[in-house]
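Novice: Pasting a structure below so you can have a look.
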Amino acid sequence: MEMFVSSLVSLLSPGPFLLVLIASAVGIVLGAIPGLSGGLGVALMLPVTFGMDPHLGLAMLISIWVGGVSGAMVGSILLGIPGSPSAIATCFDGYPMTKNGQAVKALGAAITASFMGTFFSILIATFLSPVIADLALKLGPWEYFSLGFCAIALVAALSRENVFKGLAAAAIGLMLSSVGFAPIDGFPRFALRQLLPQRRLRPDLPDAGALRNQADCIRLCTGTKRTAPRGHEKYHRFWCQFTGIP
């Protein structure tokens, strides 16, 4: 407890506190830009921390990461394009509010929720990390299967308008995530003789979230509507129902 108090006092001094503010602002900017994230900022700033005090370096990296996760909501709300995979759910309510002229209200609610979540999660991580670590070591195959089943059930619940579309997207995501190195033993799976050895799904998620908005913008700017080739109307109708793009 004494170490915790001393570290907290040192971080609240003017110099480290200003560093945390700047790092948080940088993380928010990186998270707000689709395609960038707080993880990229941590990777870029990691060499800078080699010559810094460990407390300051760790605080700066954590601030960049937290800012990146929080800033990802900006692109989701204003553009309908998630800044990171963690902000995809924000598009469901935030972007429709922006189209209804309630962008400020959506941003305010997202900032408040982000602050509250970060604050309480820091408290939980500070005082309950040993307990959570002990519980994590006791997880077995059945527990991991239950988590995966809950994830599939959550996909079906979120896809209330079109359950088939949600489950199909989840199946595509599972197939894409199975290509590359295994997260446990590092064995290359479905690498096609090392042609695709490092396939990762997470960087592709924000890009996939932007496809529909880009198609809508192109359609609105050109004033045209896509037509199917003769003899392919049935497949064209299925594609429009599946993607939601007319």
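Novice: So which of G94, G68, G31 is more than 25 Å from A169 (Cα to Cα), part of a helix (DSSP H, G or I) and under 16 Å from the mean Cα position of the chain (by Cα)?
Specialist: Numbers: G94 fails: more than 25 Å from A169 (Cα to Cα); G31 fails: more than 25 Å from A169 (Cα to Cα).
That would be G68, the only listed residue that is more than 25 Å from A169 (Cα to Cα), part of a helix (DSSP H, G or I) and under 16 Å from the mean Cα position of the chain (by Cα).
Novice: Could I ask something else about it? If the requirement is being outside the structural domain of P82 (by TED's automatic domain parsing), at pLDDT below 85, aromatic (F, W, Y) and closer than 27 Å to A87 by Cβ, which of these qualifies: F190, F181? Please lay out each step first, then the result.
Specialist: Values: F190 fails: closer than 27 Å to A87 by Cβ.
Exactly one residue qualifies, and that residue is F181.
Novice: Follow-up question, since we're still on this one. Does any residue of region 128-150 turn out to be touching a helix residue (DSSP H, G or I) at 6+ places or on another chain (Cβ under 8 Å), hydroxyl-bearing (S, T, Y), in a helix (DSSP H, G or I) and free of Cβ contacts under 8 Å to residues at least 60 places away in the same chain?
Specialist: Among the residues of region 128-150, not one is touching a helix residue (DSSP H, G or I) at 6+ places or on another chain (Cβ under 8 Å), hydroxyl-bearing (S, T, Y), in a helix (DSSP H, G or I) and free of Cβ contacts under 8 Å to residues at least 60 places away in the same chain, which makes the answer no.
The values are calculated or read from the model by the stated rules, or taken from the named source; none is laboratory data. All figures in this text were calculated on a predicted structure; none of them were measured in a lab. Ideal geometry is used to build each Cβ from the backbone, glycine not excepted, and the neighbour counts take in all protein chains shown.
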